[in-house]
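Trainee: Submitted below is the structure of interest, expressed as structure tokens.
The values are calculated or read from the model by the stated rules, or taken from the named source; none is laboratory data. Just so it is clear, the model here is predicted, and its values are computed rather than measured. Note that each Cβ is placed from the backbone with ideal geometry, even for glycine, and that neighbours are counted across all protein chains shown.
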Amino acid sequence: MPILDLAILFGYFFVLIILGMYGWHRFYLVREYTKHKDRAAGPVPDVADDQWPMVTVQLPFYNEMYVVERLIDSVAAFDYPKDKLEIQILDDSTDETTQIAELAALRLEARGFSVSYLHRTDRTGYKAGALEKGLDVAKGQFIAIFDADFVPDADFLKKTVPYFIGNEKLALVQARWGHLNHDYSLLTRIQAIMLDGHFILEHGGRNRAGCFFNFNGTAGVWRREAIPDAGGWQHDTLTEDLDLSYRAQLKGWKFLFVPQVVAPAEVPVEMNSFKSQQHRWAKGSIQTCKKVLPTLMRADLPLKVKMEAFFHLTANFNYVLMLALSLLMFPAMIVRYEMGWTEMLLIDLPAFFLATFSVANFYAFSQHEAYPKTWKSRLKYLPLVMAVGIGLTINNLRAVIEAAFGQQSEFKRTPKYGVKKSADDWQSKRYRQSQWIQPLIETSIGLYFTSAVIYALYNGIFGSLPFLMLFQFGYLYLGLSSIYQQFVADEAPARAHVN
């Protein structure tokens, strides 16, 4: 066999084996979730009427004119003793959002709420800086945090705060995210399934297994004293929530995930906003990995906890391997075609089973747990969920490289437009994000896989088609959607003006 062919196959199967290991990890999370059902959060403890503790609700945001009033109104509707509730409106905005939020604060104050409106003109530390400033003057023993796109139910505090009573080492109670607009489009349906998998099985599996899991930056309640004890809010990563979570648990604090408490939120409807969110999460996770993983590995913790943390914090490095796999699949298929069907199937199937079927199983099981009556109707989206995960490779690889080489960047919040129904418009609204070079790269790779699909069809290599088409669709969907939405959005103001 020529050396080049051997090198291609070696690289291809090496990448598959590593990805297969992370695929096995998804099976492991499902196993831990089902094995330790007895460790799931129990019913909400009873609390006497005179025992409710003081809670500060922090609402950090930046330029969220379409959703911030909705958030403030939902918090004002909390079924919690008004004399035990403080609302902090932490506004870093530079547009009309400031007027909307300030007027909302005045209305709450007139209704007898304890409310503080804190506006910063210097965004030092971004969200972490705003939370730290609010914490300095907060009155509450517990701190609940909600991002601007959330609409928590009235009983949110009464379903989360009681778990702290009598459990002095409990630092955080994290609720599950719901999805206000999951039926808005194909993109929102895919995101909803991805988030369900993250919360139900990643958080649920880790928490039940006694491993570390993280606060998601919103829809959670902190014991106030745990935050400064763990070093406070720090802004040297883009995922201040993940960073603080690991530091707190390294200090011995305990976390609890309560999947039965669901806080509805709006998922991004625009492809570029979705990519921006994923970029921030991926970059922040690698920054946090570099920051806390060495300390964690030296800590006096069970091996099980350390290994789970390793897989958690290093997962986004897989995008380096995903790009390598994307580039090697086509030439490897050509080389293997010379070997014959038997050899290809014996070598490929086990690795691809771990790397792909594990993802499908993971998300299918999460849908079963989240929606026991309707979960089967959602299974048709699983191939698309896997394809979008593949299509994010260029976007998230850029984030990984930036984090690995210490490139700092601004905290870019994900724009939300207050849309729920498919008839709701977002194209003519502000905050739209623009990308051009990256979508062209994604589209080019998608066309590369189109040629691979054609080659496989022509040569009768039908066993490779499902995998090739996942890559083809993922790259083309993300690339072409970004380009299309950019054109549509650019023309929307003109159409609105004419109408």
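Trainee: Which condition does ALA171 not pass, out of (1) within 28 Å of LEU29 (Cα to Cα); (2) part of a loop (DSSP other than H, G, I, E, B); (3) not acidic (Asp, Glu), if it passes all the others?
Mentor: (2)
Trainee: Hey, any hits in the stretch 288-311 for a residue that's surrounded by fewer than 19 Cβ atoms within 10 Å (Cβ to Cβ), more than 27 Å from HIS36 (Cβ to Cβ) and touching a residue at least 24 places away in the same chain (Cβ under 8 Å)?
Mentor: yes
Trainee: Same structure again: If we scan the stretch 109-125, do we find a residue that is more than 22 Å from PHE411 (Cα to Cα), of a type outside the set (Gly, Ala, Ser) and out of contact with any helix residue (DSSP H, G or I) (no Cβ under 8 Å at 6 or more places or on another chain)?
Mentor: Scanning the stretch 109-125, I find at least one residue that is more than 22 Å from PHE411 (Cα to Cα), of a type outside the set (Gly, Ala, Ser) and out of contact with any helix residue (DSSP H, G or I) (no Cβ under 8 Å at 6 or more places or on another chain), so the answer is yes.
Trainee: Confirm whether PRO228 is part of a helix (DSSP H, G or I), over 23 Å from ARG31 (Cα atoms) and either in the same structural domain as PHE199 (by TED's automatic domain parsing) or touching a residue at least 24 places away in the same chain (Cβ under 8 Å) (or both).
Mentor: Yes; evaluated as a whole, the condition is true for this residue.
Trainee: Evaluate the following for ILE8: is it in a helix (DSSP H, G or I) and closer than 30 Å to THR98 by Cβ?
Mentor: no
Trainee: While we're here: So how many residues does the stretch 440-480 have that are among the β-branched types (Val, Ile, Thr) and more than 17 Å from ILE334 (Cα to Cα)?
Mentor: Matching residues across the stretch 440-480 total 3.
Trainee: For the stretch 210-242, which positions are surrounded by fewer than 21 Cβ atoms within 10 Å (Cβ to Cβ) and among the charged types (D, E, K, R)?
Mentor: ARG224, GLU225, ASP229, ASP236
Trainee: So, one more: Tell me, which helices (runs of 4 or more DSSP H) wholly within the stretch 250-348 include 2 or more residues that are of a type in the set (Gly, Ala, Ser)?
Mentor: So the answer is 271-298, 318-337.
Trainee: ARG413: charged (D, E, K, R) and either free of Cβ contacts under 8 Å to residues at least 60 places away in the same chain or farther than 19 Å from GLU270 by Cα (or both), yes or no?
Mentor: Here the answer is no, as ARG413 does not meet what is asked.
For every residue, the table says whether it meets (1) of a type in the set (Gly, Ala, Ser); (2) assigned to a helix (DSSP H, G or I); (3) over 30 Å from ALA128 (Cβ atoms); (4) at pLDDT below 90.
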{"position": "MET1", "(1), (2), (3), (4)": "no, no, yes, yes"}
{"position": "LEU16", "(1), (2), (3), (4)": "no, yes, yes, yes"}
{"position": "TYR28", "(1), (2), (3), (4)": "no, yes, yes, no"}
{"position": "THR34", "(1), (2), (3), (4)": "no, yes, yes, no"}
{"position": "ASP38", "(1), (2), (3), (4)": "no, yes, yes, no"}
{"position": "ASP46", "(1), (2), (3), (4)": "no, no, yes, no"}
{"position": "PRO60", "(1), (2), (3), (4)": "no, no, no, no"}
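Conditions (1) in contact with a Gly (Cβ under 7 Å, 6 or more places away or on another chain); (2) of a type in the set (Ser, Thr, Tyr); (3) modelled with pLDDT of 95 or more, marked per residue:
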site	(1), (2), (3)
GLU369	no, no, yes
ILE390	yes, no, yes
ALA403	no, no, yes
LYS416	no, no, no
TRP436	no, no, no
LEU447	no, no, yes
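Trainee: Under 7 Å between Cβ atoms, which residue pairs at least 6 apart in sequence (or on different chains) link something in the stretch 389-400 that is under 15 Å from GLY474 (Cα atoms) with a partner that is small (Gly, Ala, Ser) and in a helix (DSSP H, G or I)?
Mentor: Filtered contacts from the stretch 389-400: ILE390/GLY474; GLY391/GLY474; THR393/SER326; ASN396/ALA282.
Trainee: Out of everything in the stretch 65-90 that is under 24 Å from ASP136 (Cα atoms) and in contact with a Pro (Cβ under 8 Å, 6 or more places away or on another chain), what residue ends up being surrounded by the fewest Cβ atoms within 10 Å (Cβ to Cβ)?
Mentor: LYS84
Residue-by-condition table, conditions (1) surrounded by fewer than 17 Cβ atoms within 10 Å (Cβ to Cβ); (2) more than 22 Å from the chain's Cα centre (by Cα); (3) not in a loop (DSSP other than H, G, I, E, B):
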residue: ILE401; (1), (2), (3): yes, no, yes
residue: GLN408; (1), (2), (3): yes, no, no
residue: THR414; (1), (2), (3): no, no, no
residue: GLY418; (1), (2), (3): no, no, no
residue: TYR431; (1), (2), (3): no, no, no
residue: ALA452; (1), (2), (3): no, yes, yes
residue: PRO466; (1), (2), (3): yes, yes, yes
residue: PHE473; (1), (2), (3): no, no, yes
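Trainee: Within the stretch 95-123, track down each residue that is modelled with pLDDT under 95 and hydroxyl-bearing (Ser, Thr, Tyr).
Mentor: The one that is modelled with pLDDT under 95 and hydroxyl-bearing (Ser, Thr, Tyr): THR121.
Trainee: With respect to GLU202, is the statement that it is within 30 Å of ASP136 (Cβ to Cβ), of a type in the set (Asp, Glu) and either surrounded by fewer than 24 Cβ atoms within 10 Å (Cβ to Cβ) or at pLDDT below 95 (or both) true?
Mentor: Considered against the rule, which asks whether it is within 30 Å of ASP136 (Cβ to Cβ), of a type in the set (Asp, Glu) and either surrounded by fewer than 24 Cβ atoms within 10 Å (Cβ to Cβ) or at pLDDT below 95 (or both), GLU202 comes out as no.
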